[in-house]
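Here's the structure we're looking at; comments come further down.
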Amino acid sequence: MSTQTQTETTTTSETGLARLRALWNDYLPYWFVAPMVLVMVLITFFPGAYDLYLSVIEEPTFDVFAAEFVGLSNYATAFGRGGALHSFIITVTVVVSALALESVLGFGLAALVAGVESERLQSFYRVLFIVPMAVAPVSLATIGRIMLNSEIGVIPYLIEATTPFAAPAFLSEIPLLTVVLLDTWNWTPFMFIIFYAGLSSVPDTLIEASKVDGAPLWRRYLHVIIPYMKPVVFVATLIRMIDLFRTFGVVYGLTQGGPGTATQLVSINIYEQMFINNSPGVAAAIAVVYLVFVVAIANIVIAKVGFEGVWD
């Protein structure tokens with residue numbers, strides 16, 4: 001009797017293991033994706049849901065049901081006396097200006113380096129042009145404040161020593177332009193390295209065929225190279241655009257959003273509302289609208305340009 005019971009137990013265990021093995025094999029892709037999904041829920045969806053919750057209550061509290069619901073009051077405050085609309089305009093101005101400059105300069109540098117015949121010189125230029133991207137944002141802001149200082153800065157000194165013009169007070173007279181130029185210097189290497197890789201992937205047969213047809217250099221770039229690089233240009237521009245919307249450290253370290261609110265990006269406005277004005281509801285409201293805005297812009301760009309050819 002005991003032998004029969006033991007046999008039945010063993011058979012049941014083997015059947016259970018077989019079922020588990022079959023379950024594992026049938027849903028294997030989902031098991032591999034599950035940890036990533038869990039991490040995304042913990043670091044993205046849960047904070048996003050909590051941010052949305054903060055934006056519709058008066059004061060945060062550990063008791064969710066005891067919080068006083070205020071509807072869209074925080075949103076009205078954010079776009080009223082909170083200056084959210086102004087910070088959105090400043091942010092869009094910085095993103096568009098910096099993205100245009102970085103794309104043009106990055107492509108120009110990539111084309112120049114790709115045209116160098118010596119492999120050793122190409123390697124030298126690649127390393128040289130990537131160096132600015134290695135500088136930490138806080139360090140860059142600190143160095144920038146010193147170099148742009150009207151009294152001790154080396155840049156105003158060089159302008160006045162080598163040109164007939166007086167150096168402007170960068171951080172007080174043209175702060176927004178200064179922020180754009182500093183970000184351009186810092187992140188043009190990112191665009192350069194992606195565009196350089198894209199140029200290196202253009203088939204030599206296409207370029208040789210355009211040369212045989214007698215196309216000048218500018219026509220080769222306009223009608224052959226750039227259309228072939230469309231997927232590379234699209235991905236680089238999209239990634240950099242999204243990253244520019246996240247800009248905080250360099251601008252805050254350089255100007256702290258000033259003078260006044262001249263360089264108050266949305267990220268700086270959120271920080272000030274949260275930690276200086278002690279208004280978490282207003283800060284959360286701005287963050288929610290900003291998230292929807294950035295996602296909408298990214299989706300519009302993707303819909304208009306598309307990923308066609310990106311994965312080929």
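Report, in degrees rounded to the nearest 10, the 0 to 90 angle that the Cα long axis of helix 280-305 makes with the longest principal axis of the chain. Value to nearest ten degrees: 80.
When only the Cβ of Lys, Arg, Asp and Glu is charged (+1, +1, -1, -1), the dipole of the chain relative to its Cα centre reaches about 560 debye. Across the range 34-111, the relative contact order, built from alpha-carbon pairs under 8 Å that are at least six residues apart, equals 16 percent. Note the angle between two axes, namely the Cα long axis of helix 230-245 and the longest principal axis of the Cα atoms of the chain, as a number of degrees from 0 to 90, rounded to the nearest 10. The angle comes out at about 90 degrees. For the peptides 38-44, 79-85, the ranking by mean Cβ contacts within 10 Å, running from highest to lowest, is 79-85, 38-44. Relative to the dominant Cα principal axis of the chain, helix 28-40 is inclined by about 60°. Annotation note: chymotrypsin sites (Phe, Trp or Tyr not before Pro) in the range 111-170 located in DSSP loop regions with a Cβ neighbour count of at most 11 within 10 Å are F165.
Diffusion of the chain by Stokes-Einstein, at 4 °C in a medium of 1.567 mPa s and with Rh set to the Kirkwood radius over alpha-carbon pairs, works out to 54 µm²/s. Sequence-distant contacts, meaning Cα pairs under 8 Å at least 6 residues apart, place the relative contact order of the chain at 26 percent.
Inter-label distance, I89 to E173: 2.4 nm, where each label sits 7 Å from its Cα along the C-beta direction.
Of all stretches in the chain that contain no GluC sites (Glu not before Pro) in a DSSP loop with at most 16 other Cβ atoms within 10 Å, the longest one is 152-307. Only helices enter the 222 nm calculation for the chain: every DSSP H run of n ≥ 4 contributes -39,500 (n - 2.57), and dividing by all residues gives -22000 deg cm²/dmol, rounded to 500. Which of L105, T162, F245 sits farthest toward the positive end of the charge dipole of the range 77-305, with +1 on the Cβ of Lys and Arg and -1 on the Cβ of Asp and Glu? Farthest along the dipole direction, towards plus: F245.
Debye-formula intensities of the range 194-311, expressed as log10 I(q)/I(0) at q = 0.16, 0.20 Å⁻¹, are -0.85, -1.06 (one equal scatterer per alpha-carbon, no solvent).
Where a number appears in this text, it was derived from the coordinates with a stated rule and is not lab data. Here the structure is a predicted model, which is why all the values come from computation and not from measurement. Methodologically, a virtual Cβ is constructed for each residue, glycine included, from the backbone with ideal geometry; neighbour enumeration extends over all protein chains shown.
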